[in-house]
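Heads up, the thing below is written out as structure tokens.
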Amino acid sequence: MTPTRQNRNSRSSILMIYTGGTIGMKEDPVDQTLKPFDFDQILREVPELEKFAVKIDSCTFDPLIDSSDVEPELWQALATLIRDRYDNYDGFVVLHGTDTMSYSASALSFMLENLCKPVIFTGSQLPIGAPRTDGKENLVSAVEIASTKDAEGHALVPEVAIFFDSRLMRGNRTTKVNAENFNAFDSPNFPNLAEAGISIKYNTTAIRKPSRWDLPLQISTTLDTRVSILKIHPGITPQIVRNILCGPETRAVILETYGSGNAPSKKWFMDIVNESVGMGKILVNVTQCLAGKVNMQLYATGKSLERAGVLPGYDSTTESMLAKLFYLLGKSTGNAWVASWIGQDLIGEISI
Ligand code: ASP
């Protein structure tokens, strides 16, 4: 982590997009329930934001949703909104519930092609109106990060990222790891992009830069959601495995395997895997472990999967692989073409 020369342009402008979740809630003094507050009044709730030389506009989704209700339509709406307002702002802050934030940040990282501006997701474990809220710190730092430029005037973090509990993480590397503490997210397989202490220290070597700064943002909003996830576990039955791997509606299945990519070596299991691959389905292997990567060469149980045509997901999170499959399947009806891209690093989501 190295402190970086920053040029906080006094005319920076940020669009803050509130989609729902705990962060935008406030206790109703009448009935003591949590209700979303009017985000146009955000400066009244977080006057600290006025201390930045940044113009902040806000925009609220209707309806506001608990992120457990997030569907790809929300990602399409977010991508479209960012594309439509792209030229008017230096960066975007997306306020989102924590439960599915990693899925949404992963999806947006693929859907926003040629992104050269920050799209920083944040939220909180406690409502912004609560005395001990983590929401203010998260929001204020996210705004600072989204508006910070380097000495050349380029965005310092031209990525889709999550800022939470003092850490900026690449969105498609994150996973929600804690349901009650402030450190709700982790990025086990990729270093933090920045850490916020007395100052924000950017890890400039980890931050992804676009190959060109002059390409227009393009969005890819056609997503094909015919993907399932099968978490392998002791006691799993042939019927369950067959229903998921050979279901007529499924184009791809993510196998969440043990350790470095191992699954049962039983004949019935491998027969179903072979049958599924024979039907033209894409099977991708990601590990159930929080950290580390799939290496199907290590054990006989992994090797049989590889021989059957199961693709390695390397160190991808499940959230990111799901989003990558939705995105790639949405681009082509040809499973062979999709399969050829699975093991490629598209936007910093895997290390190969
Ligand atoms: N259930 C909430 C949500 O994800 C929790 C939160 O906001 O953190 O929308």
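All of the numbers you see were taken from the coordinates with simple rules; none came from a lab. Computed from a prediction, not measured in an experiment: that's the story for all the values here. Cβ placement follows ideal geometry from the backbone for every residue including glycine, while neighbour counts extend to all protein chains displayed.
Some observations on this one:
- Sum of side-chain charges, Pro312 neighbourhood, beta-carbon under 10 Å (Lys, Arg +1; Asp, Glu -1): -1
- DSSP finds beta bridges in the chain, and of those with both partners inside it, around 40 percent are antiparallel.
- Built amide H within the under 5 Å cut-off of Asn285, gap 5+: Leu255, Leu311, Gly313
- Highest-fluctuation residue, Pro158, Pro238, Pro36 considered, GNM on the chain with Cα pairs under 10 Å: Pro238
- Karplus-based coupling profile of the range 102-109, in residue order and whole Hz: 5, 5, 5, 5, 4, 4, 5, 5, with θ = phi - 60° in 6.51 cos²θ - 1.76 cosθ + 1.60 and x standing for Gly or Pro.
- For the range 89-137 versus the range 44-72, the gap between their alpha-carbon centres in whole angstrom: 9 Å
- Extension gain for Ile352 to Ile232 (0.36 nm times residue separation, less C-alpha to C-alpha distance): 40.8 nm.
- Secondary structure note: in the range 1-139, about 15% of the DSSP beta bridges are antiparallel.
- Cα-centred dipole magnitude for the range 190-281, charges only on beta-carbon of K, R (+1) and D, E (-1), debye, nearest 20: 120 debye
- Projected label points at Lys266 and Gln218, each 7 Å from Cα along the beta carbon direction, are separated by 4.7 nanometres.
- Annotation: amide H of Leu156 within the under-5 Å range of Thr148, Lys149, Asp150, sequence separation 5 or more or interchain, hydrogens built in the peptide plane.
- Sequence-distant lysines (8 or more away, or on other chains) whose Cα lies within less than 30 Å of Lys55: Lys26, Lys35, Lys117, Lys136, Lys149, Lys201, Lys209
- Of the trypsin sites (Lys or Arg not before Pro) in the range 190-290, the ones in a loop by DSSP (not H, G, I, E or B) with at most 13 other beta carbons within 10 Å are Arg212, Lys266.
- Nonlocal amide H pairs with Ser13, under 5 Å, H built at 1.01 Å: Lys55, Asp90, Gly91
- From the alpha carbon centroid of the range 169-188 to that of the range 299-352 is 22 Å.
- For the chain: relative contact order, % (alpha-carbon pairs under 8 angstrom, 6 or more apart): 16 percent
- Across the options Leu139, Leu112, Ala263, the greatest Cα extent toward the positive end of the charge dipole of the chain (unit charges at beta carbon of Lys, Arg, Asp, Glu) belongs to Ala263.
- The phi torsions of the range 245-254, fed into the Karplus equation with coefficients 6.51, -1.76 and 1.60 and a -60° offset, translate into couplings of 6, 10, x, x, 7, 8, 9, 8, 10, 8 Hz, rounded to whole numbers, with Gly and Pro shown as x.
- Taking the charge dipole of the chain about its Cα centre, with +1 at Lys and Arg Cβ atoms and -1 at Asp and Glu Cβ atoms, the residue from Gly20, Leu81, Ser187 reaching farthest to the positive side is Ser187.
- The range 248-303: C-alpha gyration tensor shape, a/c 1.5 cut-off, then a/b vs b/c: oblate
- Over the chain, dividing the summed -39,500 (n - 2.57) contributions of all DSSP H runs of at least 4 residues by the number of residues returns a 222 nm mean residue ellipticity of -8000 deg cm²/dmol.
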